[in-house]
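Everything on this sheet refers to the single structure shown next.
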Amino acid sequence: MTEETPKRELSGFANFLAGGFGGMCLVIVGHPLDLLKVKLQTGGQYKGVADAAAKTLQAEGPRGFYRGVSAPLVGVSPIFATCFWGYDMGLKLCRAAKGKDADAKMSLGEKMLAGAFSALPATALMAPVERIKCLLQIQGEEVARGAKPKYLGMVDCARKLHATGGIGSVFKGWEVTLMRDVPGSVAYFGVYEFLKEAFAAEDGTVSSAGILSAGGFAGMATWAVAIPPDVIKSRWQTAAEGTYSNLGDVLRTLLREEGAAALYRGVAPAMLRAFPANAACFFGVDLAKSILGSAGL
């Protein structure tokens with residue numbers, strides 16, 4: 001498969017659908033390492049990625065690596081659909097502001113600005129999904145140690161969060177999610193577009209290997225920027241009520257008790273996950289765009 005310059009601009013709806021499919025590809029490939037990342041960020045009983053993987057396998061079996069997958073798998077389609085729709089809208093806004101035609105070449109800076117814009121609508125969906133996902137992942141460890149499960153699944157978790165703390169509890173951590181995703185999305189789309197252009201042949205086509213490579217490195221660039229706020233987010237979203245007074249308290253407590261290195265806890269599984277998961281995401285998006293473009297959407 002190669003990516004060719006489209007004869008007509010894809011609709012916002014087509015970008016929405018393509019982003020949703022790409023997000024599903026990302027979750028299927030990347031969830032096991034995302035689970036290990038959360039475990040390393042929120043618990044101190046693991047020596048590293050290999051130790052966390054071995055203990056997860058021993059305590060929960062192979063299915064343990066997909067603990068909590070229901071929330072991101074169900075939620076990721078609208079999240080990534082919204083993200084790629086937002087990126088498309090950001091590009092259109094940049095074109096409109098500069099008076100450019102639909103087929104005009106966009107600068108890298110304009111693409112990065114569109115990436116920042118894409119994070120705004122996506123966060124509205126991302127924050128509650130990640131809150132539920134993290135709680136279910138941590139619960140898996142507690143159940144493996146003999147504890148009674150507090151949540152019976154994604155829907156039950158959302159219902160109980162709302163019952164005890166209202167909508168604010170469901171969306172707990174949205175601020176730090178936005179702090180993570182705006183710069184992360186700038187890196188995500190900026191690096192992808194830069195490398196895709198670098199890998200393009202003379203006729204402008206990009207091979208499947210080029211798309212996979214650009215997507216993989218884009219994912220790694222994103223997490224290089226996003227890990228510190230992601231650590232704070234994981235602590236804040238999984239802590240019992242009353243543990244921290246605010247996000248600043250999370251940061252101060254973490255630095256005081258564990259040092260600055262704790263801000264990069266979970267970086268190894270995040271980076272290991274980033275390349276294959278995001279390579280799969282952009283490959284899925286490109287495949288879906290090709291199919292939808294052929295269908296005239």
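What follows is calculated from the coordinates using simple rules that are stated; it is not laboratory data. The structure displayed is predicted, hence computed values, not measured ones. Neighbour counts are summed over all protein chains in view; Cβ atoms, including those assigned to glycine, are modelled from backbone coordinates with ideal geometry.
The table for this structure:
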quantity: Dipole moment magnitude, nearest 20 debye, the stretch 123-178 about Cα centre, only Lys, Arg, Asp, Glu C-beta charged; calculated: 180
quantity: Sites residue 97 and residue 47 - FRET efficiency at Förster radius 51 Å, r taken between beta-carbons, to 0.05; calculated: 0.50
quantity: Cubic angstrom per residue, convex hull over Cα atoms of the chain; calculated: 137
quantity: Inter-centroid distance (Cα atoms) of the stretch 16-84 relative to the stretch 194-244, Å; calculated: 15
quantity: Charge dipole (the stretch 11-292, unit charges on Cβ, about Cα centre) - positive-most of 71, 283, 11; calculated: 71
quantity: Over the chain: helical MRE at 222 nm, DSSP H runs n ≥ 4 each giving -39500 (n - 2.57), nearest 500; calculated: -26500 deg cm²/dmol
quantity: Low-density loop positions, GluC sites (Glu not before Pro), the stretch 147-211 - DSSP coil, at most 13 other Cβ in 10 Å; calculated: 202
quantity: Residue of 109, 140, 22 that the Gaussian network model of the chain assigns the largest fluctuation, springs spanning Cα pairs under 10 Å; calculated: 109
quantity: Total charge dipole magnitude, the chain, about the Cα centre, Cβ charges on Lys, Arg, Asp, Glu only, Debye to nearest 20; calculated: 820
quantity: Trypsin sites (Lys or Arg not before Pro) within the stretch 50-159: DSSP coil, no more than 10 neighbouring Cβ in 10 Å; calculated: 105, 145
